């Protein structure tokens, strides 16, 4: 009850509960100073925008402004709780440096202009590129933070109207491996499990997933289970000491880049010790013999030699998951952004398949997302997929889209896989991609090897459009910058990591001349005069709800079927999980409950790939391997990363997140509570490595390799020896000093062969001490994985400005409606 400093205590107070019980309600609320509950004029429904958890919340409006937020008590996802980023970052909406008018480049400078001038320039250049270079000269790079309706509109424009294959999202950087791993094992994207599985699981395994920082509300749910009767046992796989590892029964800290070898070691134990559910395997899977043969080469001693993990700990991990009555596993960037990403993530699926741990309460897999609408990017075809989880190499699937859009089937590119983001950058570098429209993302900070990225995006041959809220590092390189509305300023739907769909309604007007992304895309389509085969406008919708209804038609009959969901239901009922159809009108909590998968050759989203080379399987190969559409137990052998530590570059660099910041800080860096908690980049080393460098807490370090260098203050943590960690959120590059503070100055241009996800966790770097800290600690939080192992560091506190109400219902008023509960 009462108020609590949610910077100092990110997960809030405990509300313990036991296995099989309902998670108790705890409503979090944060209002602007001087605003009380009775001052709020309207509560407008929405959900979280700064992580993938999908926490339902209501936006407080007074005097035409957003003045706070409150968790929605009856929603199935969060039961009233809100993450610290969402509690404070709404203040960035009113930041004085918001973009309020379009910008165009004139004589090397960006200057303000009107919408007609900006759009005329975009349209004129689009037509020139199409005339000279064809559809292949056009590219679109979007986000994981727009709404479903906006992604689908962009996909129809890119793939159906223009006919380009170059459409991808920054979800390529965070969850492309999640999607590919699900396709490889189950035939289609779509999370098998549910957040409600936390309530029932007796073992929870987190693979490369520091949930305590990436999904704090979900971690609160686990903490409440741990504080209650019959607590679950935890397996943590992470090279850092994190809040998750502190709660773990078994903690494995592998050398970065060796996850596949470690997973093969666990599977070796399960199979050789006959801990397999053979009835389930025989009835519902193919590929067991090949998997068993492959992992035979990885006994714990060999897996331990490769990964640097004690063989006894590998055996303990295998025994832990095998002993589960209900096993829940989650996976995130520690696997997705590392060497052999898809192969390692697939082995997590394999653990569940060989144990028969799918489709029951507490038994499931969540190949997690990192962004609030990453799932929508993938569903809608705004990334390297076709809309509705359709298979680009299945002619019947492409024909379905052509009929939906009323365009010639040959106009929809399907001669090759959709182009992934890293390949688009390469095409721009080579000069074949001449037009790139970047929406709600900041690749000049988030992509690897930033010296190269700056050079490509700033090339005069490339016409760069940036659509965003602020003048980001990427916007500074653009030819045209379009001011966009954001969360709270527009209406749309978005879907979280366990397939829960929420409606986010417009609460206030955007600043100045800013427009919603949907309005901008539709304006572009009208100015380009895109038409379908009958001469009707393409796309043929005009607002969010008509776009949603068009999407429902596209999703019909596919795994992500939305046909039973309406705006009205979302307004009155809260979050609903897809598929939601006439057969499952309340939504579907878990997939594959009867051992049936979207894996039959005629319906699957993907025929699969060679996990080592990325070569796609031919349809005939897949039909021969899996004619009945069972789950696939796919095996792979370990190969070392392309770049490893050397005598000259002795440390392996891993990048990642911190709880108080999101992506490149365009919003969280403008909220004082969040910025003050983690204001600058830092570097983490183990105590032993720091001593070998002669470095102490707060000393200034230089990290360097042939791609670049940066300086950051040292935090000594529980990270494994030989590894250095940098948070990736911090941009800025000093041209004169030829150094920056972005972790991606140092990361390598390399990607997983199957998912095409960039590899951010195996770069080799040299580290040296530059300047003594003189008692000043690193600017890293003490509440998270960056907690110091040395004394003398003041604890992270937010003070009165970070105090939040936590109670059964702290701010009475409208907006709390009954929702379906997990």
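The values are calculated or read from the model by the stated rules, or taken from the named source; none is laboratory data. Just so we're clear, the structure is a prediction, and the values are computed from it rather than from any experiment. Every residue, glycine as well, gets a Cβ built from its backbone with ideal geometry; the counts of neighbours run over all protein chains shown.
Below are the figures for this structure:
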| quantity | calculated |
| --- | --- |
| Only one of 431, 488 that is more than 26 Å from residue 106 (Cα to Cα) and in contact (Cβ under 8 Å) with a residue 12 or more places away in the chain | 488 |
| Residue list for the stretch 336-363, filter: surrounded by 24 or more Cβ atoms within 10 Å (Cβ to Cβ) and either assigned to a loop (DSSP other than H, G, I, E, B) or modelled with pLDDT under 95 (or both) | 337, 338, 339, 340, 357, 358, 362 |
| Residues within the stretch 571-620 that are assigned to a helix (DSSP H, G or I) and either crowded, with 21+ Cβ neighbours inside 10 Å or in contact with a helix residue (DSSP H, G or I) (Cβ under 9 Å, 6 or more places away or on another chain) (or both), tallied | 0 |
| Residue check for residue 665: farther than 26 Å from residue 262 by Cβ, surrounded by fewer than 22 Cβ atoms within 10 Å (Cβ to Cβ) and either in contact with a helix residue (DSSP H, G or I) (Cβ under 9 Å, 6 or more places away or on another chain) or touching a residue at least 24 places away in the same chain (Cβ under 8 Å) (or both) | no |
| Scan of the stretch 69-85 for residues that are within 21 Å of residue 671 (Cα to Cα) and either part of a loop (DSSP other than H, G, I, E, B) or without any contact (Cβ under 8 Å) to a residue 40 or more places away in the chain (or both), ordered by number | 81, 82, 83 |
| Condition check for residue 289: free of Cβ contacts under 8 Å to residues at least 24 places away in the same chain, out of contact with any strand residue (DSSP E or B) (no Cβ under 9 Å at 6 or more places or on another chain) and either part of a helix (DSSP H, G or I) or within 21 Å of residue 653 (Cα to Cα) (or both) | yes |
| Residue among 702, 697, 691, 643 that alone is out of contact with any helix residue (DSSP H, G or I) (no Cβ under 7 Å at 6 or more places or on another chain), assigned to a loop (DSSP other than H, G, I, E, B) and in the same structural domain as residue 761 (by TED's automatic domain parsing) | 697 |
| In the stretch 469-481, residue nearest to residue 138 (Cα to Cα) [restricted to those that are outside any loop (DSSP other than H, G, I, E, B) and touching a helix residue (DSSP H, G or I) at 6+ places or on another chain (Cβ under 6 Å)] | 480 |
| Residue count for the stretch 38-63, restricted to those that are in a loop (DSSP other than H, G, I, E, B), out of contact with any helix residue (DSSP H, G or I) (no Cβ under 8 Å at 6 or more places or on another chain) and within 15 Å of residue 146 (Cα to Cα) | 1 |
| Where residue 88 falls short, out of the listed (1) part of a helix (DSSP H, G or I); (2) surrounded by fewer than 24 Cβ atoms within 10 Å (Cβ to Cβ) | (2) |
| Qualifying residue in the stretch 662-681 (condition: at negative phi, assigned by TED's automatic domain parsing to the domain that holds residue 760, in a strand (DSSP E or B) and at pLDDT 95 or above) | no |
| Among the residues listed as 645, 631, the single one being over 30 Å from residue 740 (Cα atoms) and either surrounded by 17 or more Cβ atoms within 10 Å (Cβ to Cβ) or in contact (Cβ under 8 Å) with a residue 24 or more places away in the chain (or both) | 631 |
| Conditions (1) closer than 30 Å to residue 668 by Cα; (2) part of a loop (DSSP other than H, G, I, E, B); number of the one not met by residue 542 | (1) |
| Test: residue in the stretch 526-541 that is closer than 28 Å to residue 40 by Cα, surrounded by fewer than 18 Cβ atoms within 10 Å (Cβ to Cβ), outside the structural domain of residue 358 (by TED's automatic domain parsing) and touching a helix residue (DSSP H, G or I) at 6+ places or on another chain (Cβ under 9 Å) | no |
| Matching option when the condition is farther than 30 Å from residue 215 by Cβ and buried (at least 19 other Cβ atoms within 10 Å of the Cβ), among 287, 265 | 287 |
| In the stretch 91-108, residue surrounded by the most Cβ atoms within 10 Å (Cβ to Cβ) [restricted to those that are assigned to a loop (DSSP other than H, G, I, E, B) and in contact with a helix residue (DSSP H, G or I) (Cβ under 6 Å, 6 or more places away or on another chain)] | 102 |
| Qualifying position, being farther than 13 Å from residue 636 by Cα and free of Cβ contacts under 8 Å to residues at least 24 places away in the same chain, among 277, 282, 325, 313 | 282 |
| Given (1) out of contact with any strand residue (DSSP E or B) (no Cβ under 8 Å at 6 or more places or on another chain); (2) without any contact (Cβ under 8 Å) to a residue 60 or more places away in the chain; (3) within 21 Å of residue 411 (Cα to Cα), number of the condition residue 130 does not satisfy | (1) |
| Meets criteria (in a loop (DSSP other than H, G, I, E, B), surrounded by 19 or more Cβ atoms within 10 Å (Cβ to Cβ) and touching a residue at least 60 places away in the same chain (Cβ under 8 Å)) for residue 731 | yes |
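Conditions tested, residue by residue: (1) at pLDDT below 95; (2) under 24 Å from the mean Cα position of the chain (by Cα); (3) farther than 14 Å from residue 187 by Cα.
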residue	(1), (2), (3)
567	no, no, yes
580	no, yes, yes
585	no, no, yes
598	no, yes, no
602	no, no, no
